[in-house]
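What follows is a single structure, written as structure tokens, with notes after it.
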Amino acid sequence: MIFIAPYISRLVENALLEVDEGILESANAMGATTLQTIWYFMIPEAASSLVLALTTATIGLLGATAMAGTVGGGGIGDLAITYGYQRFDAFATISTALVLIVIVQLLQTLGTRLSRRIRRE
């Protein structure tokens with residue numbers, strides 16, 4: 001999880017920077033504190049972008065864990081290397097790659113739909 005923390009923080013920063021300046025001016029005009037501005041104005045306004053950012057981070061983390069498995073970290077990367085590549089089992093290699101592709105597509109679809117639903121509200 002430490003691997004992905006700087007990446008997530010950068011994605012969250014970009015999502016929060018997309019908030020319209022007028023909203024921040026409105027919060028300031030109403031006398032909101034910094035914490036209130038972030039909690040009640042910035043986060044709800046950037047919620048859709050935050051969902052997409054966390055989706056991207058989750059997919060990146062999945063890829064990193066698969067790569068860690070190839071160097072002895074266990075998991076699906078280790079399965080692909082041990083049973084697929086080293087034993088020349090094309091079925092194991094292809095099936096682990098397909099499982100990763102399906103998981104990534106499911107995560108991406110879920111994140112995109114959730115983001116669209118948040119934008120409509």
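The values are calculated or read from the model by the stated rules, or taken from the named source; none is laboratory data. What you see is a predicted model; the values in this text were computed from it and never measured. Quick reminder, even Gly has a Cβ in these numbers, built from the backbone with ideal geometry, and neighbours come from all protein chains shown. To get the accessible areas, we keep the full protein, side chains included, count just its heavy atoms, and leave off ligands, DNA and RNA. Shrake-Rupley method; radii C 1.70, N 1.55, O 1.52, S 1.80 Å.
Here are the numbers:
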{"item": "Pair Leu114, Ala97: separation of 7 Å Cα→Cβ label points (nm)", "result": "2.9"}
{"item": "Cleavage-rule hits, trypsin sites (Lys or Arg not before Pro), the range 56-121, DSSP coil, Cβ neighbours within 10 Å at most 11", "result": "Arg87"}
{"item": "Formal net charge of residues neighbouring Glu18 (Cβ-Cβ distance under 13 Å; K, R +1; D, E -1)", "result": "-3"}
{"item": "Rounded accessible area per residue of the range 3-119, 1.4 Å, Å²", "result": "67"}
{"item": "Carbon plus sulfur fraction of accessible area for the range 3-119, probe 1.4 Å, in percent", "result": "66"}
{"item": "Taking the convex hull of Cα positions in the chain, its mean projected area over all directions (nm²)", "result": "8.7"}
{"item": "Dipole moment magnitude, nearest 20 debye, the chain about Cα centre, only Lys, Arg, Asp, Glu C-beta charged", "result": "420"}
{"item": "Alpha-carbon centroid distance for the pair the range 2-38 / the range 47-89, whole angstrom", "result": "30"}
{"item": "Sparsely packed chymotrypsin sites (Phe, Trp or Tyr not before Pro) within the range 69-109, loop by DSSP, other Cβ within 10 Å at most 11", "result": "Phe88"}
{"item": "Relative contact order, percent, the chain [alpha-carbon distance under 8 Å, six or more residues apart]", "result": "25"}
